[in-house]
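Okay, structure first, notes after.
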Amino acid sequence: MIDPSSVRSRLALLGALAIALSACSSAASPAASGGGGSGATKVEVFSWWTTGGEAAGLKLLIDQFNKENPQWLVVNQAVAGGAGTNAKAVLKTRMLGGDPPDSFQVHMGHELIDTWVTTDYMVNLDDLYAANGWKDKFPQGVLDIVSSGGHFWSVPVNIHRANVLWYNKKLFTDNSLTPPETWDQFKTVADKLKAKGVIPLALGDKEPFASGQLFETILIGTLGADKYKGLWTGTTDWKGADVTQALNTFKTALSYVNPDHGSLTWDQANDLIISGKAAMTVMGDWIDGDYTAKKFAGYGWAPVPGNKGIYDALSDSFGLPKNAKHADAVKKFLTLLGSSEGQDVFNPLKGSIPARTDAGKPPAGAKQYDDYLKSAMAEWKTDTIVPSLEHGAAAKESWSSAFTQAIVTFVTNQDVATAQAALAKACVDATVCK
Amino acid sequence: MRRPSRDRLLSLGLIAPSILAVGVFVYGLIGWTGFVSLTKWNDLRPDYSLAGLANYASDFANSRFQIDLRNTVVFTVFFVVASVVVGLLLASLLDRRIRAEGLFRSIFLFPMAISFIVTGVVWKWLLTPSAGVNTLLGLDPSTNRWFTDPTVLHLDANTGIGKILGDFGLGFLASSEFGVPVAMLSVVVAAVWQMSGFVMALYLAGLRGIPEELREAARVDGAGEWGVFRYVLLPLLTPITLSAVIILGHISLKIYDLTVAMSPNGPAFATDVPANLMWQTAFKDNEFAKAAAIAMVMLVMVAVVIVPYLVWNRRQEASA
């Protein structure tokens with residue numbers, strides 16, 4: 001005899017299995033299908049640009065590309081949040097799982113080289129560089145950063161500068177001060193501001209990169225461009241007296257910061273400049289967009305003390321992973337990203353400057369570069385370019401983390417000897433120093 | 001004879017998917033993580049050659065991991081004790097048959113319905129030195145620094161208990177490595193706010209389960225209210241306390257979402273926790289084997305709390 005209730009439960013079980021199986025297959029399908037109804041083949045470009053000028057800039061480029069190449073449909077496959085950390089985690093699982101996107105956003109330099117190139121996940125772009133004559137268009141400093149083993153690995157779309165001192169113009173004119181050019185001058189200026197009840201230096205290091213980046217610019221200011229670059233190649237000694245001096249300067253600078261720096265992010269610290277509670281802050285030039293968004297025009301800028309003539313650069317670049325499904329389309333898209341026209345469409349919106357030295361004239365009607373960006377472009381052509389540590393250009397990620405860890409600890413305990421030992425050990429752990 | 005076996009087959013069939021899923025996705029992956037923690041996979045590309053305990057050695061030598069372990073212990077002790085005390089207090093008060101008991105019960109229990117992320121964000125706003133509580137109460141932001149306070153309280157090695165410890169060769173206990181980071185206590189406040197209502201509910205159920213006759217008997221024997229509580233109710237609530245400690249303990253040893261929303265690192269990592277370091281080690285630094293070692297250390301910490309409880313529970317069930 002067949003018990004009807006057991007038949008029913010067996011059917012229910014089958015149903016549950018069917019649902020589970022279909023859930024599995026539907027989860028796997030989006031990567032395989034795609035293309036939409038237009039008949040164009042979908043090309044996935046992976047980024048963490050989801051909002052603001054950068055997303056708008058990328059969209060303009062993608063729209064232009066899709067219009068010129070109807071057989072392709074480039075899609076910005078963005079993962080939001082965490083200044084790219086979320087996107088990077090998703091990207092890693094996809095790359096290791098053998099399902100790479102067609103192209104992805106990555107900081108130029110060691111973040112790309114040590115993560116993806118030395119592990120053999122990328123295709124070199126030597127033919128693109130040759131075909132487009134990029135070797136003469138990008139400055140040598142950038143070519144050095146994007147290349148490894150004699151090959152080029154990514155196309156830099158933009159350039160940001162990390163070593164800029166931003167200040168409230170009114171506070172400086174009211175107190176008849178000029179932006180300091182050395183750290184000794186900084187101390188004089190800061191003491192005067194402090195006496196007036198103004199916070200001399202605004203810092204927001206809730207996200208630890210902010211204090212790491214401040215120290216990075218002090219290292220540049222103390223060691224100069226060549227010795228700073230040598231820190232990342234093992235030719236400059238981390239135990240040297242000049243690194244000690246940089247740490248002592250950093251300690252001095254920290255005595256002038258707002259007491260609540262640990263609870264603020266960099267843009268909240270910037271609000272102190274805008275409200276006139278603080279006079280100066282050291283931050284990358286993405287802060288320019290923050291001023292624009294907050295409709296504040298009373299800001300001035302200068303190189304961080306000691307950093308004159310040195311451009312601490314970082315860049316978002318795009319590369320071509322091995323086994324990308326549409327390498328032809330990617331190469332065409334990268335050509336657009338590397339072209340003058342492409343860079344001049346993207347960068348005014350993103351609030352950065354083009355990596356090419358011959359770009360800088362957006363077409364009439366498009367968004368133009370603002371005053372800061374114009375001055376940055378001028379300096380980009382003449383300054384010595386050095387790679388930024390905190391933004392992936394100078395060293396691999398684990399080294400950058402260890403460096404930041406030493407600095408975050410230093411900000412609290414201000415123990416120069418311990419910090420210097422930790423910085424030296426980080427270089428050894430990264431197998432660059434002996 | 002056939003019917004029970006068919007039932008049995010059916011029930012086996014019904015639980016098989018979940019056994020399979022748990023086997024693969026929980027125990028299988030624990031085993032895999034354990035294996036990875038012994039390999040040299042400290043670059044993006046997997047390298048499964050064995051490295052012995054090198055990753056564990058390197059993690060334990062990392063000053064940040066040492067700080068994280070201290071933070072976890074401090075957080076767990078303060079969070080569990082405070083939640084149990086506050087929960088028990090609230091439950092005892094509600095057990096006095098007060099008016100609108102249901103309303104108060106809901107109010108105290110409600111924070112538990114909120115995710116730790118929301119709690120973290122709200123308490124971050126409340127305890128940001130330049131705003132929130134300080135502004136409300138007119139406190140000085142430079143002395144009331146809450147989760148941005150870098151102070152680590154520890155015994156003074158030269159006086160009092162610290163000196164006695166030193167005499168016994170335990171002087172290292174009187175150092176900041178074994179201190180209490182003040183910033184972490186702000187996170188404890190947020191966590192207690194969220195979880196003490198849950199503990200209250202556990203205790204309230206326990207109190208309601210104690211027959212009125214027992215209290216009456218104690219009162220007849222001349223016990224005061226405190227005596228009833230101390231010698232009758234509290235011993236009978238021991239199983240509840242144990243459950244509460246286990247549940248809170250395993251939450252706090254694995255805590256991540258609350259601290260990451262409220263204060264991911266804190267001054268000199270005063271509010272950092274192992275889970276945060278593990279995430280960063282794996283997905284930012286690409287040091288997967290070292291991250292797996294951190295995961296295994298966390299698993300062992302939780303297992304030390306959970307396993308004895310499970311064993312005790314089984315014995316209780318067997319004897320019941």
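On the given criteria, is B:T271 among the β-branched types (V, I, T), within 12 Å of chain A (Cβ to nearest Cβ), closer than 26 Å to B:A190 by Cα and crowded, with 21+ Cβ neighbours inside 10 Å? Working first, answer last.
Details: among the β-branched types (V, I, T): yes; within 12 Å of chain A (Cβ to nearest Cβ): yes; closer than 26 Å to B:A190 by Cα: yes; crowded, with 21+ Cβ neighbours inside 10 Å: yes.
For B:T271, the condition - among the β-branched types (V, I, T), within 12 Å of chain A (Cβ to nearest Cβ), closer than 26 Å to B:A190 by Cα and crowded, with 21+ Cβ neighbours inside 10 Å - is met.
Each row is one residue, and each column tells you yes or no for (1) over 18 Å from the mean Cα position of the chain (by Cα); (2) within 14 Å of chain A (Cβ to nearest Cβ); (3) in a loop (DSSP other than H, G, I, E, B).
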| residue | (1), (2), (3) |
| --- | --- |
| B:V81 | no, no, no |
| B:G87 | no, no, no |
| B:L93 | yes, no, no |
| B:P111 | no, no, no |
| B:V122 | yes, no, no |
| B:W125 | yes, yes, no |
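Could you please let me know if A:T115 is of a type in the set (S, T, Y) and assigned to a loop (DSSP other than H, G, I, E, B)?
So A:T115 does not fit the description; no.
If the Cβ limit is 6 Å and pairs must be 6+ apart or interchain, which residue in the stretch A:170-195 that is in the same structural domain as A:V304 (by TED's automatic domain parsing) pairs with which residue that is among the β-branched types (V, I, T) and assigned to a helix (DSSP H, G or I)?
From residues that are in the same structural domain as A:V304 (by TED's automatic domain parsing), the pairs are A:L177/A:V189; A:P180/A:V189; A:W183/A:T249.
Based on what the data block shows, is A:W232 away from chain B (no Cβ under 14 Å) and in contact with a Cys (Cβ under 6 Å, 6 or more places away or on another chain)? Don't jump to the end; show me each part of the working.
On the way: away from chain B (no Cβ under 14 Å): yes; in contact with a Cys (Cβ under 6 Å, 6 or more places away or on another chain): no.
Taking the combined requirement at face value, the residue does not satisfy it.
Filter the stretch A:152-203 for residues that are among the hydroxyl-bearing types (S, T, Y) and touching a strand residue (DSSP E or B) at 6+ places or on another chain (Cβ under 9 Å); which is nearest to A:A359 (Cα to Cα)?
A:S154
Exactly one condition in (1) out of contact with any Lys or Arg (no Cβ under 7 Å at 6 or more places or on another chain); (2) part of a helix (DSSP H, G or I); (3) crowded, with 23+ Cβ neighbours inside 10 Å is false for A:A378; which is it?
Only one criterion in (1) out of contact with any Lys or Arg (no Cβ under 7 Å at 6 or more places or on another chain); (2) part of a helix (DSSP H, G or I); (3) crowded, with 23+ Cβ neighbours inside 10 Å is unmet by A:A378, namely (3).
Yes or no: B:G52 surrounded by 18 or more Cβ atoms within 10 Å (Cβ to Cβ) and either of a type in the set (S, T, Y) or away from chain A (no Cβ under 14 Å) (or both)?
Details: surrounded by 18 or more Cβ atoms within 10 Å (Cβ to Cβ): no; either of a type in the set (S, T, Y) or away from chain A (no Cβ under 14 Å) (or both): yes.
For B:G52, the condition - surrounded by 18 or more Cβ atoms within 10 Å (Cβ to Cβ) and either of a type in the set (S, T, Y) or away from chain A (no Cβ under 14 Å) (or both) - is not met.
In the stretch A:118-152, which residues are assigned to a helix (DSSP H, G or I), under 19 Å from A:L336 (Cβ atoms) and of a type in the set (A, V, I, L, M, F, W, C)? Outline the logic, then answer.
Of the stretch A:118-152, the ones assigned to a helix (DSSP H, G or I) are A:126-132, A:134-137, A:140-146.
This time we only want the ones that are under 19 Å from A:L336 (Cβ atoms), so: A:126-132, A:134-137, A:142, A:146.
Across the stretch A:118-152, the qualifying residues are A:L128, A:A130, A:A131, A:W134, A:V142, A:V146.
Out of (1) in contact with a Lys or Arg (Cβ under 9 Å, 6 or more places away or on another chain); (2) surrounded by fewer than 21 Cβ atoms within 10 Å (Cβ to Cβ), the odd one out for A:G365 is which?
(1)
Yes or no: A:F138 more than 29 Å from B:A261 (Cβ to Cβ) and away from chain B (no Cβ under 12 Å)? Steps first, please.
Working: more than 29 Å from B:A261 (Cβ to Cβ): yes; away from chain B (no Cβ under 12 Å): yes.
Yes, satisfied.
State whether one or more residues within the stretch A:89-96 are loosely packed, with under 14 Cβ neighbours inside 10 Å, without any contact (Cβ under 8 Å) to a residue 12 or more places away in the chain, under 25 Å from B:L44 (Cβ atoms) and within 12 Å of another protein chain (Cβ to nearest Cβ). I'd like the intermediate steps shown before the answer.
Of the stretch A:89-96, the ones loosely packed, with under 14 Cβ neighbours inside 10 Å are A:93.
Keeping just the survivors that are without any contact (Cβ under 8 Å) to a residue 12 or more places away in the chain gives A:93.
When the remaining residues are screened for being under 25 Å from B:L44 (Cβ atoms), the result is A:93.
If we keep only those that are within 12 Å of another protein chain (Cβ to nearest Cβ) as well, we get A:93.
Checked against the condition, which is being loosely packed, with under 14 Cβ neighbours inside 10 Å, without any contact (Cβ under 8 Å) to a residue 12 or more places away in the chain, under 25 Å from B:L44 (Cβ atoms) and within 12 Å of another protein chain (Cβ to nearest Cβ), the stretch A:89-96 yields at least one hit.
Condition test on A:E216, is it surrounded by fewer than 24 Cβ atoms within 10 Å (Cβ to Cβ) and within 21 Å of A:D285 (Cβ to Cβ)?
no
Find the helices (runs of 4 or more DSSP H) located wholly in the stretch B:201-261 whose residues include 1 or more that are over 26 Å from B:L310 (Cβ atoms) and aromatic (F, W, Y), and list them.
B:225-228
I want to confirm something. Restricting to the stretch B:262-290 and keeping residues that are part of a helix (DSSP H, G or I) and small (G, A, S), which single residue is nearest to A:V411 (Cα to Cα)?
The first filter runs over the stretch B:262-290 and keeps only residues part of a helix (DSSP H, G or I), leaving B:262, B:267-269, B:274-283, B:288-290.
Applying the additional criterion that residues be small (G, A, S) yields B:268, B:275, B:282, B:289.
Numbers: B:A268: 7, B:A275: 23, B:A282: 25, B:A289: 29 Å.
Going through the qualifying residues, I end up with B:A268.
Looking only at the stretch A:369-377, decide whether some residue is within 14 Å of another protein chain (Cβ to nearest Cβ) and touching a strand residue (DSSP E or B) at 6+ places or on another chain (Cβ under 9 Å).
no
Yes or no: B:L103 out of contact with any helix residue (DSSP H, G or I) (no Cβ under 9 Å at 6 or more places or on another chain), more than 14 Å from every other protein chain (Cβ to nearest Cβ) and without any contact (Cβ under 8 Å) to a residue 12 or more places away in the chain?
In short, yes.
Does the stretch A:413-420 include one or more residues that are within 14 Å of another protein chain (Cβ to nearest Cβ), under 30 Å from B:W41 (Cα atoms), surrounded by 21 or more Cβ atoms within 10 Å (Cβ to Cβ) and within 21 Å of the chain's Cα centre (by Cα)?
So far as the stretch A:413-420 goes, no, none of its residues is within 14 Å of another protein chain (Cβ to nearest Cβ), under 30 Å from B:W41 (Cα atoms), surrounded by 21 or more Cβ atoms within 10 Å (Cβ to Cβ) and within 21 Å of the chain's Cα centre (by Cα).
Consider B:V220 carefully, then state whether it is on the phi < 0 side of the Ramachandran plot, more than 14 Å from the chain's Cα centre (by Cα) and either surrounded by 16 or more Cβ atoms within 10 Å (Cβ to Cβ) or within 14 Å of chain A (Cβ to nearest Cβ) (or both).
Taking the combined requirement at face value, the residue does not satisfy it.
Within the stretch A:274-284, is even one residue assigned to a helix (DSSP H, G or I), buried (at least 21 other Cβ atoms within 10 Å of the Cβ) and at negative phi?
no
Would you mind stating whether B:K290 is within 14 Å of another protein chain (Cβ to nearest Cβ) and at pLDDT 95 or above?
When the stated conditions are applied, B:K290 passes them.
Being within 12 Å of another protein chain (Cβ to nearest Cβ), surrounded by fewer than 21 Cβ atoms within 10 Å (Cβ to Cβ) and over 30 Å from A:I310 (Cβ atoms) is the requirement here; does A:A80 meet it?
So A:A80 does not fit the description; no.
Evaluate the stretch A:197-205: report whether one residue or more is closer than 24 Å to A:V428 by Cβ and within 14 Å of chain B (Cβ to nearest Cβ).
Among the residues of the stretch A:197-205, not one is closer than 24 Å to A:V428 by Cβ and within 14 Å of chain B (Cβ to nearest Cβ), which makes the answer no.
Among the residues of the stretch A:289-302, is any at pLDDT 95 or above, in a helix (DSSP H, G or I) and of a type in the set (S, T, N, Q)?
The answer is no; no qualifying residue exists.
The values are calculated or read from the model by the stated rules, or taken from the named source; none is laboratory data. The shown structure was predicted, so the numbers you read here are calculated from the model rather than taken from an experiment. Methodologically, a virtual Cβ is constructed for each residue, glycine included, from the backbone with ideal geometry; neighbour enumeration extends over all protein chains shown.
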